[in-house]
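Read-outs: derived from the displayed coordinates by stated rules, not from any lab. These numbers were taken from a predicted model, which means no experiment stands behind them. With ideal geometry, Cβ positions are generated from the backbone for all residues, glycine too; neighbour counts draw on all protein chains shown.
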Amino acid sequence: MDEIQIEKTKIISRQILLYFIDFFRLTHTGIDKKGIYKIAIKEYDKFREKDKIRFSREIYRLKQKGFIKKYLDGQEQYLELTTKGKEMVKKYIVAGLKIDTPSLWDKKWRIVIYDISNDKKNEREFLRRKLQEIGFIKIQESVFVYPFECLETINALRGMFYLGPHVQYIIAERIETEQNLIKKFLDRGILSNHHIK
C-alpha cells in the first residue's frame, strides 16, 4: 500500500470515529446515559455512497482493532464506540482544538471555572492541563482566564468527558487584576500590541 493510500485510509478511519461525536452533537441521540456512543449503520450513508468499498474495509479494520463493535438490535444494525475507540476520538479532538485569534481584542475576558469531584480526577487533570496548553492563565484554584472567544473549544473539552454541568464559561468585562493579566498574555505572545490598541 503506497503512502497516498495509507493517508486516505487514515482520513476515512478518523472520519468514521469522529462522526460518532458529530452525530451526538447534532441530534443528542447518539449517546445514552451510560456514555455509550452508538449509531445506526444507515446514518453513515454519506460515507458509503462516496466510497462503499473503502468504507466497509475501514469499518472492518476498526472493528478488528477494537475501536468499534458492530451488532444487531432488533432489525437495526449499529456501530458502537468501544473504550479504546473513545480514547482515540479524544486524541483526534484534542489534536484539532484551535482558538482563532481576531485582529482586535474586544477587551472582554473568557473565564472557565470548574468543580469536578474526585471520582473524575483524571478528567479534571486533563481539563486543567489542556487549558494551560491552549494558553489559559490560572487566576485561582479551578479558575482560568483567556482573552479571546473560545466557547466552541470549551464545549469540545466538556463533551469529551461529560463535564457539562461541572464547567462554567463566563464572559467578563473587567477583572480586578487585568493589567497584570494583559502583561502575562503579552509576554506569552497570545496578546500583542495591535490587539489592545
Strands (runs of 3 or more DSSP E) contained entirely in segment 109-197, each with at least 1 residues that are loosely packed, with under 10 Cβ neighbours inside 10 Å: 137-140
Within segment 82-108, tally of residues that are exposed (fewer than 12 other Cβ atoms within 10 Å of the Cβ) and in contact (Cβ under 8 Å) with a residue 12 or more places away in the chain: 5
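Suppose the filter is assigned to a strand (DSSP E or B) and either buried (at least 18 other Cβ atoms within 10 Å of the Cβ) or touching a residue at least 12 places away in the same chain (Cβ under 8 Å) (or both); does residue 79 pass it? Before the answer, list the steps.
On the way: assigned to a strand (DSSP E or B): yes; either buried (at least 18 other Cβ atoms within 10 Å of the Cβ) or touching a residue at least 12 places away in the same chain (Cβ under 8 Å) (or both): yes.
Answer is yes for this residue.
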